[in-house]
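Down below is the structure, laid out as structure tokens.
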Amino acid sequence: MTRAVFSPAAGSTVEQWPDVDLSTSLGSLDLPAPVLTASGCAAAGRELDQFFDITALGGIVTKSVMLQPRSGRATPRMAETPSGMLNSIGLQGPGIDQFIEKDLAWLDQRGARTIVSIAGSNVDEYSKLAQKLRNVPGIAGIEVNISCPNVENRGLVFACQPDSASSVIQAVRRFSDPKMPILAKLSPDVTDISEIAHAVVRAGATGISVMNTTLGMVINTDTMRPALAGVTGGLSGPAIRPIAVRCVWQIRKALPDVPILGMGGIRTGQDAFQFILAGASAVSVGTVVFNDPSAPLRIQHELAQQLSDHGFSRLRDAVSYAHREADADIVVDIDEEYEVE
Ligand SMILES: Cc1cc2nc3c(=O)[nH]c(=O)nc-3n(C[C@H](O)[C@H](O)[C@H](O)COP(=O)(O)O)c2cc1C
């Protein structure tokens, strides 16, 4: 495993970054650094590469690709919310064949570690996507976006039921290279996220990506109608961060050995540090990229600083650190842990 060595970005006034070993892994997926892009927020990384060297990140998680090209939902498809945004893009994209030919080929030639995100409308589509990706060079892992409506089951979102979530992961596992790392991306819109995590791991997921956006809605008070053409949309950004940290924490508690890629509202290295302490081995950065395209690399540097400031020389030692036994002088009532007012 190579050790990530950071030098300040061009033009940076910072003299030196702390000497922290940022290498990490998500199961069999070894990463030299812990920050990745979040699916759908950086396309296939090409635009970000104008702002910083994308190969310095842990990896690029590409926009979820479907079997066929899609134009997405009608506009408006974005709405601002306090500390976040609502989107209903509708998985616009070129379809898997063009994605492999253009985007994946570019990422491979660029030397980025690429996690390909896939999405389908039924289990068969996920199987076909896995078959298309099999033996294609330049894929470090597959992230399976299961926050999609299952057209064969009244449009119920796969990620919201253990059975449908596991049937998708089983299909992708079956048709993928047995050594291919597979991350199941979960939705927070469930009663018990660890139940879904258990189901997808039993079905063959190597690790968990958490979380996708949470369902929200905005009414435009001028038109007195829903602000989005799709009526509801996915809420992302800092507003959802505490929900995401809670999801990481609960999954880590339920499945201590399953690697987690954490995300949701990360804007700074300190935010990312929370996810690491809660149990994530790596993090994805999404919405912040829309107003700060250099954010993923900045956050990676800031995370190194956070780790150093807290006495960690290796990121791996900080993963799940918040779960350690309570210090003797702090009294914690375990029964109160999940209590709410
Ligand atoms: C505009 C937009 C598009 C997104 N598209 C996808 C997608 O294609 N697949 C997916 O799994 N998640 C998608 N997401 C969810 C993000 O990957 C991420 O899970 C979520 O936004 C939380 O992280 P953030 O608050 O840092 O953005 C999208 C989010 C946004 C804002």
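Listing for the model above:
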read-out: Burial ordering of 147, 127, fewest other beta-carbon atoms within 10 Å first; value: 127, 147
read-out: Region 44-140 - Rg and Dmax from Cα coordinates, angstrom; value: 14.7, 44
read-out: Sequence-separation-based contact order of the chain, relative, with Cα cut under 8 Å and 6+ spacing, percent; value: 19 percent
read-out: Sequence-distant residues sharing a close amide H with residue 156 (under 5 Å, placed H); value: 150
read-out: For region 20-31, Karplus couplings with θ = phi - 60° (6.51, -1.76, 1.60), whole Hz, Gly/Pro x; value: 10, 7, 8, 5, 8, 8, 10, x, 7, 8, 7, 10
read-out: Qualifying lysines (Cα of each under 23 Å from Cα of residue 63; at least 8 residues distant if same chain); value: 102, 128, 132, 179, 185
read-out: Using θ = phi - 60° and Karplus 6.51 cos²θ - 1.76 cosθ + 1.60, couplings along region 95-110 (whole Hz; Gly, Pro as x); value: x, 5, 5, 5, 4, 5, 5, 9, 5, 5, 4, 5, 4, 5, 5, 6
read-out: Cα lying deepest toward the dipole's positive end in the chain, options 299, 178, 213, charges on Cβ; value: 178
read-out: Computed [θ] at 222 nm, deg cm²/dmol, the chain (DSSP H ≥ 4; -39,500 (n - 2.57); rounded to nearest 500); value: -7000 deg cm²/dmol
read-out: Amide H contacts under 5 Å for residue 228, placed H, 5+ residues apart; value: 218
read-out: Whole-Hz couplings from phi, Karplus 6.51/-1.76/1.60, listed for region 263-280; x for Gly and Pro; value: 6, x, x, 6, 10, 9, x, 5, 4, 4, 4, 4, 5, 5, 5, 6, x, 7
read-out: Two-site FRET efficiency, residue 294 against residue 131, from Cβ-Cβ distance with R₀ of 56 Å, rounded to 0.05; value: 0.95
read-out: For the chain: span of alpha carbons on each principal axis (Å, largest first); value: 53, 52, 49
read-out: Shape category assigned to region 150-299 from the gyration tensor of Cα positions, a/c cut at 1.5; value: oblate
read-out: Long-range amide H partners of residue 65 with built H, under 5 Å; value: 117, 118, 119
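Any read-out appearing in this document is the output of simple, stated calculations on the displayed coordinates, not a laboratory observation. For clarity, every value in this text was computed on a predicted model and none was experimentally measured. Counting neighbours? That spans all protein chains shown, and the Cβs are built from the backbone with ideal geometry, glycine included.
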